[in-house]
1. Please work out the Cα center distance from the range 112-160 to the range 64-85, rounded to the nearest Å.
2. Check which residues have an amide H placed less than 5 Å from HIS48's amide H, if you skip close sequence neighbours.
3. Less than 18 Å from a label point 7 Å out along the Cα-to-Cβ axis of ASN6: which backbone N atoms in the range 78-115 qualify, by residue?
4. Nearest 10 degrees is fine. How inclined is helix 175-188 to the longest principal axis of the chain, computing both from alpha carbons?
5. Sorted by average packing, counted as other Cβ atoms within 10 angstrom per residue and highest first, what order do 123-129, 140-146, 74-80 take?
6. Report D for the chain in µm² per second (integer): Stokes-Einstein, Kirkwood Rh on Cα pairs, 20 °C, 1.002 mPa s.
7. Could you run the Karplus curve 6.51 cos²θ - 1.76 cosθ + 1.60 with θ = phi - 60° over the range 132-143 and give me ³J(HN,Hα) per residue in whole Hz, x for Gly and Pro?
8. Can you compute 3J(HN,Hα) from phi for each residue in the range 57-66, using the Karplus curve 6.51 cos²θ - 1.76 cosθ + 1.60 with θ = phi - 60°, rounded to whole Hz and x for Gly and Pro?
Amino acid sequence: MNGISNQFNYLNKKDISFLENISTYNKFENGELIISPSFNNFNFFYIHTGIVRGYYITEEGEEKTIFVINNGGFFAAPESIYNLHPTKYYFKTIAETKAYKFDFRELEQLAGKHSNIQTFYLYGLKYIITTLVERLESFIGEKPEQRFRGLQNSMPLLINSANKKEIASILGISPNSLSRILTRINNKA
């Protein structure tokens, strides 16, 4: 739990021990599917290192990326943890990823009993909400090239590890549009 105790230094040894009892530390290879749709998934993840992409597939078979989470971030299947419904999302790694996996229900119970764990739990939920709002704002206020440059600056590992189809989905554009953006950027350099 070094990654958690280092980032969340208000957690004492007892808090860490409680968290260790309800978690596992997992290593996922690049391209590994962590969460699949159509069933309840009560896992709540904290990414120690790596990148995960959360997406759904339209009726036309097109992937629509909603979540992009990297080092120090949290993710979970929203329908499962908020409404106890099966999820429609896939969560897949874009690079080798190491993450702590918690049972959301057990984490919620611990949060009700221990104030430091409650702070950790609330931080994770706030992280998810803030990430979604920032992503929405970028789609409303930025052009695709600006979003690409933002990804280059904030998640260079993503740009180096993801394929063009994944990057295009994250940007909300087609792979052809991404190719045009890359050509423009290369011509300016």
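1. First find each Cα centre; the distance between them is then 11 Å.
2. Excluding prolines and chain starts, which carry no amide H, the hits are GLY72, LYS98, ALA99, TYR100.
3. Those under the cut-off are 96-101.
4. Rounded to the nearest ten degrees, it is 70.
5. Final packing ranking: 74-80, 123-129, 140-146.
6. Estimated via Stokes-Einstein, D reaches 122 µm²/s.
7. 5, 5, 4, 5, 4, 4, 5, 5, 7, x, 10, 7
8. So the J values, rounded to whole Hz, are 10, 6, 4, 7, x, 8, 7, 10, 7, 10.
Each value in this text was obtained by applying a stated rule to the coordinates, not by laboratory testing. These numbers were taken from a predicted model, which means no experiment stands behind them. Because the Cβ atoms are built from the backbone with ideal geometry, glycine has one as well, and the counts that use them run over all protein chains shown.
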